[in-house]
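Worksheet: the structure to be examined is printed underneath.
The values are calculated or read from the model by the stated rules, or taken from the named source; none is laboratory data. In this text, all values refer to a predicted model and were calculated from it rather than measured experimentally. Neighbour counts are summed over all protein chains in view; Cβ atoms, including those assigned to glycine, are modelled from backbone coordinates with ideal geometry. Just the protein is used for accessible areas: all its heavy atoms, side chains included, with ligands, DNA and RNA removed. Shrake-Rupley method; radii C 1.70, N 1.55, O 1.52, S 1.80 Å.
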Amino acid sequence: MKLQATEQASAANRLNPDNNPIVLVLQGGGALGAYQAGVFEALHEHDLVPDWIVGTSIGAINAALIAGNPQESRLQKLKEFWRRVSHGDGFDMSRLPDEARKANVSAATLDTMMRGVPGFFSPRLFSPFAAGFSVEPDAASFYETRDLRTTLKELVDFDYLNAEGGMRLTVNALKVTCGELASFDNREHDLCADHVMASGALPPGFPPVRIDGELYWDGGLYSNTPLETVLNDQPHANALCFMVDLWSAQGEEPRTLDEVQTRQKDVMFASRSMRHIDAYLETHKLQRALRDLYKRLPAKQKNAADKQLLSELGCDSTLHIVRIPYAGQDWHMAAKDINFSRGSIEWRWEQGYRDGMRAVKQAGWLANVSEDTAVVIHEIAPDPV
């Protein structure tokens, strides 16, 4: 993996005794992203500081807020963002019965659809796009996201984010004209608010973002869980990866229209990580086989160039993946990702914090594994509550 533990990480941390690089992988999921912020708070409290964050859509926004601020202010900036974009409820949601909470959430979701979210997006009033007429490509959406650009510039220090020696950040977006995935990485060029916004430009709600002449949409249209970006980076050292999933591929058979739409969205945006991991393991086996075959060659048939090539392939490292899934049912509401009710945002944050703390308490990555183990997946135990 082409990264090293940053100077921010603690060499004496008992949860990372070998000071291995830490990666945080964040899915897209709109308002569900508050859960990711809660997970980060748990990691933050235990000095499990990411060296690299890979994010898509709302995951890219959370990632920029983390990578684009000094360690002492990251949590504050995350809280400020989620405070700005949440709708006040008018009632203490924790004191209401379930049906009343559901009704409040439905009202908050309808309000989001009608008026947008302050500091995030607002409707394009009287836009001909909604009536099916042609518009400029940059305006082909129901909402505009200029408010998000302002919010990002206020809460993310892009000079800090792009400074040498800082946290690595990669955000994924889809190139509109050819359907290819683009990974914008601050190790390769300076990132700005446009790169983060491009990663979350989900059509037809949000407009594409133009970068260097090309239009980009939400990276979740290609792959909503950017674990593939990590696996393609060819790890050369042991690493610890926290993967926060917001959508569930598993679910019950739906019976109502809302349940069908919810299940459809869950399946569309759920993690495809196991497919990527299986492909990575196959590549790892081939690399190891190549190295073993090379060892059997007579000395006169070996040369420095071959040794260098085999060294660059790598295959002696172990990647520990800690999967932390959002388990909220949200009353099987298909619009759960646009439910910005403050009570719902706070609940998701709290659930993320609790699940993050459980993952830290289990710390399964500290167990010994054989040297030829490429990937170890750690699932956290079910929440007893």
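In the set (1) under 20 Å from the mean Cα position of the chain (by Cα); (2) among the charged types (D, E, K, R); (3) more than 30 Å from R14 (Cβ to Cβ); (4) open to solvent by 70 Å² or more (accessible area, probe 1.4 Å), the condition left unmet by R296 is number (1). Given the condition among the aromatic types (F, W, Y), buried (at least 17 other Cβ atoms within 10 Å of the Cβ), more than 18 Å from the chain's Cα centre (by Cα) and in a loop (DSSP other than H, G, I, E, B), answer yes or no: does some residue in the stretch 200-207 qualify? There is at least one residue in the stretch 200-207 that is among the aromatic types (F, W, Y), buried (at least 17 other Cβ atoms within 10 Å of the Cβ), more than 18 Å from the chain's Cα centre (by Cα) and in a loop (DSSP other than H, G, I, E, B).
Filtered by the rule that a residue be under 13 Å from H320 (Cβ atoms) and out of contact with any His (no Cβ under 6 Å at 6 or more places or on another chain), the stretch 352-379 gives A359, Q362, A363, L366, A367, N368, V369, T373, V375, I377, H378, E379. Take the stretch 339-385 and flag every residue that is closer than 22 Å to T318 by Cα and open to solvent by 80 Å² or more (accessible area, probe 1.4 Å). Matches in the stretch 339-385: K361, Q362, N368, E371, D372, E379.
Pairing each residue of the stretch 61-83 that is in contact (Cβ under 8 Å) with a residue 12 or more places away in the chain with any residue that is open to solvent by less than 40 Å² (accessible area, probe 1.4 Å) and of a type in the set (D, E), provided the two are 6+ apart or on different chains, yields C-beta distances under 9 Å for L75/E41; L78/E41; K79/E41. A residue that is touching a Gly at 6+ places or on another chain (Cβ under 6 Å) and touching a residue at least 24 places away in the same chain (Cβ under 8 Å) occurs nowhere in the stretch 312-334. Out of the stretch 239-266, which residues are modelled with pLDDT of 90 or more and either open to solvent by 60 Å² or more (accessible area, probe 1.4 Å) or of a type in the set (V, I, T) (or both)? Residues satisfying the conditions are V244, E252, E253, R255, T256, L257, V260, Q261, T262, Q264.
Taking residues in the stretch 174-185 that are open to solvent by 50 Å² or more (accessible area, probe 1.4 Å) and part of a loop (DSSP other than H, G, I, E, B), and partners anywhere that are modelled with pLDDT of 95 or more and not polar (S, T, N, Q), the pairs with Cβ atoms closer than 8 Å and at least 6 places apart or on different chains are T177/E214; T177/L215; E180/L174.
Taking helices (runs of 4 or more DSSP H) as the structural unit, those lying wholly within the stretch 67-156 and holding at least 1 residues that are within 22 Å of L26 (Cα to Cα) and open to solvent by 30 Å² or more (accessible area, probe 1.4 Å) correspond to 74-85, 146-155.
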